[in-house]
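Have a look at the structure below before the remarks.
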Amino acid sequence: LLLVNSRLFGLDFFNAGLLSSDLHNLSKIKIRSTIYMENVPQLFVQVIYTLAIGKPESATLLAFVASSLSVIASIVIYKAHQEQNEDSETTKYYIRFANINGNRISY
């Protein structure tokens, strides 16, 4: 998300025009979707596979630990962002430009 909004090398391609509050809201969606659409299904498949073969294999256990740590890390990051934003308030301002004659300039 940060790369898309970074204006890397001064290119407009890397300018999404997002405010930091917008980036925060999108990161919350990203964290939730990563947990629910990626990590939880992986854990489910790993448990099903282990039950199907009857014994846990080292690769499956390692993958289960890695997926569990990823879920825990995502939750910790989500909670840290949540606590950080409890202390701040987002205010958005909209600026209307006008020329000397008082006519509005629209974009």
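The values are calculated or read from the model by the stated rules, or taken from the named source; none is laboratory data. These numbers come from a predicted model, not from an experiment. Don't worry about glycine lacking a Cβ; one is built from the backbone with ideal geometry, like all the others, and counts go over all protein chains shown. Only protein heavy atoms, including side chains, enter the accessible area calculation; ligands, DNA and RNA are left aside. Shrake-Rupley method; radii C 1.70, N 1.55, O 1.52, S 1.80 Å.
How far apart, in nm, are two points set 7 Å out from the Cα along the Cα-to-Cβ line at GLN42 and at ASP22?
Label at GLN42, label at ASP22, 3.0 nm between them.
Compare PHE44, PHE64 by solvent-accessible area with a 1.4 Å probe and give them largest first, with all protein chains kept in place.
On the way: PHE44 135, PHE64 80 Å².
The residues order as PHE44, PHE64, largest area first.
Once the whole set of protein chains is in place, how much accessible area is left on ILE29, using a 1.4 Å probe, in Å² to the nearest 10?
ILE29 has an accessible surface of roughly 100 Å² with all protein chains in place.
Along the Cα→Cβ direction, 7 angstrom out, place labels at ALA80 and ALA52. What is the inter-label distance in nm?
Spacing of the two 7 Å Cα→Cβ label points: 3.6 nm.
Mind checking which lysines have their Cα closer than 19 Å to the Cα of LYS92? Skip sequence neighbours fewer than 8 apart in that chain.
By straight Cα distance, LYS92 reaches no lysines at all.
Please list the non-local residues whose amide H lies under 5 Å from the amide H of ALA16, H modeled 1.01 Å from N, same-chain partners needing a gap of 5 or more.
ASN5, SER6, ARG7
Going from most exposed to least, what order do TYR49, TYR93 have by accessible area with a 1.4 Å probe?
Order by accessible area, largest first: TYR93, TYR49.
Under 29 Å Cα to Cα from LYS55, which lysines show up? Leave out anything in the same chain fewer than 8 places away.
Leaving aside lysines fewer than 8 places away in the same chain, none come within reach of LYS55.
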